[in-house]
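Student: Quick one: structure below, then a few questions.
Bear in mind that the values in this text are calculations on the coordinates, not laboratory data. Model, not experiment: these values are computed from the prediction. Note that we place each Cβ from the backbone using ideal geometry, even for glycine, and neighbour counts take in every protein chain shown.
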Amino acid sequence: MQFDDVAIGKRLFVGVGDPKLLGTGEKEIRGSAYIEAPVVLGTPPGEVEATLMVGRDKNSDSNNPPRSVHIRGNERIDGDDGTANALYVTGGGTVDSLYVDGDVYVTGKVDCDNKGRLAARFSSADARPKPFDLKHPSREGYRLRYACIEGPEVGVYHRGRITNSKVIELPYYWKDLVHEDSITVQLQPIGSHQDIIIKRWDDERVYLQSKGNMPIDCFFHIYAERKDINPLIVEYKGETCEDYPDPNHHTIPEDERNYKDPDYATEQNTKTR
C-alpha cells in the first residue's frame, strides 16, 4: 500500500516487540513510537551497522540541510562491549572531527585518575611536569615514567655521532627554523682523547678540529632557539596563564593566531655570539 500522508493520533508500532517502556493504560505516552529496527534516515553510506543510521537528506522536495543530525538539548551515551569505542568521530578534508562550544569533563576512571574539566586540567598542567607513563619494558610489575625537558626558551636539538669527519651537517631546515647565534654544541670523544674544538659554525654546519688532525669519533648534542615564532616571554605579571602578554597563545581564535606577531616580539632568550 502507498499513502500520501498518515496521521497517527496516539502511538506508532512497527515490527514485533513489547514496548513497555512507552507505558500502558493510563501511563502510555501519547505521540510516541516503537520501531523494531534497524531504521535508516536519509542516505547513510555502507551496510547496516547500527540500530539507527542517519545520512544526508537527499529528498528533492527539501532544502537539503547541511547537517545529518541537529540535537537541541542534552545527550547521554552509555557504551557497552559492542564496539571498541562508545563514541567514534571522524572528519574529512578540512572538516574538524570534533568541535565543542563549551566545556568537556572527564571522569578519571582511566588514565591514572586524570579527571575534571579539560580546560581547567590544561591550565593546571602548565605548572606540572609533562610526563608520559608506560608499562616498564624490562621489569615485570613496574612502570616507567619520563618527563619532557623544560627550559626558558623555545628550543630544538639535533644529536648523533660523527666518525672520520670534521663537519657536522645540521638539518637542512635549520636555516629557516633557528637563530644561528643561539646554537650551542657539546661533544663527547669516543675511544681516546682527541682534543676536539669547534672552529666555527653557521646555520647549516658545525666545523670541528682535532689535535694533530687525528680522526674524529665523537657524540654530539646541538641545541638552538627557534626563530619561526616569537621568543618565549619567561616572566610576566599575572595570576593565571590567561595573563600571558601575547594573546595569540590563549584568547585569539586558533585560526587567527600569529605566533610571529611583531607586536609581541621580544629579544631571543639564548645568544652565543
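Student: How big is the Rg/Rh ratio for the chain, C-alpha atoms only, Rh by Kirkwood, two decimals?
Tutor: Working: Rg = 30.8 Å, Rh = 26.5 Å.
Result: Rg/Rh = 1.16.
Student: Right, another one. Find the lysine pairs in segment 160-273 meeting two conditions, Cα atoms under 14 Å apart and a separation of 8 or more places or different chains, and report how many there are. Mind dumping the intermediate values first?
Tutor: Details: K166/K199; K166/K211; K175/K227; K199/K211; K227/K260; K227/K271.
Lysine pairs satisfying the spacing and distance rule in segment 160-273 number 6.
Student: In what order do M53, M1, M214 fall by count of nearby beta-carbon atoms within 10 Å, going from fewest to most?
Tutor: Details: M53 19, M1 2, M214 12.
Listed from fewest to most nearby Cβ atoms, that is M1, M214, M53.
Student: Here is a follow-up. Where does each of C218, C148 land when they are ranked from fewest to most other beta-carbon atoms within 10 angstrom?
Tutor: Listing C218, C148 from fewest to most nearby Cβ atoms yields C148, C218.
Student: Follow-up question, since we're still on this one. With Kirkwood's inverse mean 1/r over C-alpha pairs for Rh, give me the Rg to Rh ratio of segment 126-273, two decimals please.
Tutor: Result: Rg/Rh = 1.08.
Student: Over the Cα atoms of segment 168-231, what Rg and Dmax result, in angstrom?
Tutor: When restricted to the Cα atoms of segment 168-231, Rg and Dmax are 13.3, 43 Å.
Student: Please compute the length gained on full extension between D133 and T163, using 0.36 nm multiplied by the number of residues separating them and subtracting their Cα-Cα distance.
Tutor: Working: separation 30, 0.36 × 30 = 10.80 nm, distance 3.50 nm.
Taking D133 through T163 to full extension adds about 7.3 nm, to one decimal.
Student: Right, something else. Counting GluC sites (Glu not before Pro) as exposed when in a DSSP loop with at most 11 other beta carbons within 10 Å, what is the longest stretch of the chain free of them?
Tutor: 151-234
Student: Find the centroid of the Cα atoms in segment 47-98 and in segment 203-221, then give the distance between the two in whole Å.
Tutor: 59 Å
Student: Whole angstrom only: what separates the Cα centroid of segment 155-181 from the Cα centroid of segment 226-273?
Tutor: If you average the Cα positions of each part, the centres end up 25 Å apart.
Student: What share of the DSSP beta bridges in the chain is antiparallel, in percent to the nearest 5?
Tutor: Values: 30 of 36 bridges.
So the antiparallel bridges in the chain amount to around 85 percent.
Student: What's the extension gain from I71 to R205 if we count 0.36 nm per residue and subtract their Cα-Cα distance?
Tutor: Extending this stretch completely gives an extra 42.4 nm.
Student: Would you compute, from DSSP H runs of 4+ residues alone, the mean residue ellipticity of the chain at 222 nm, taking -39500 (n - 2.57) per run and dividing by the full residue count, rounded to the nearest 500?
Tutor: -1000 deg cm²/dmol
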